[in-house]
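A short write-up of the structure that comes next.
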Amino acid sequence: MRPLTPDASLGAIVGDKELPRTQVVKKLWAYIKKKGLQDAQDRRMINADNKLKPIFGGKKQVSMFEMTKMVSKHLK
């Protein structure tokens with residue numbers, strides 16, 4: 001996979017260096033698990049904190065499948 005550059009909001013979580021999409025998603029999941037942002041009842045849902053809200057388009061909660069689509073908008 002070719003390296004992509006994250007924008008400022010995504011870069012605040014995964015860093016501002018170029019990364020392949022797979023590594024971006026891996027770092028994002030590490031952040032989600034470290035902060036305990038997976039929903040307790042439905043583990044497929046991710047609860048947004050202040051850093052994730054701009055990436056999730058202002059939504060408070062998104063599914064893990066929506067998340068990968070939304071992350072694509074923040075990569076160049």
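Going by the conditions given, is residue 20 crowded, with 16+ Cβ neighbours inside 10 Å and under 22 Å from residue 76 (Cβ atoms)? When the stated conditions are applied, residue 20 does not pass them. For the range 25-76, the set of residues classified as in contact with a strand residue (DSSP E or B) (Cβ under 8 Å, 6 or more places away or on another chain), farther than 18 Å from residue 4 by Cβ and in contact (Cβ under 8 Å) with a residue 24 or more places away in the chain consists of 52 only.
Being of a type in the set (A, V, I, L, M, F, W, C) and in contact with a Ser or Thr (Cβ under 9 Å, 6 or more places away or on another chain) holds for only one residue in 55, 32, and it is 55.
Each reported figure results from applying straightforward, stated rules to the coordinates on display, with no laboratory input. Predicted model, so just to flag it, every value in this text is computed and none were measured. Don't worry about glycine lacking a Cβ; one is built from the backbone with ideal geometry, like all the others, and counts go over all protein chains shown.
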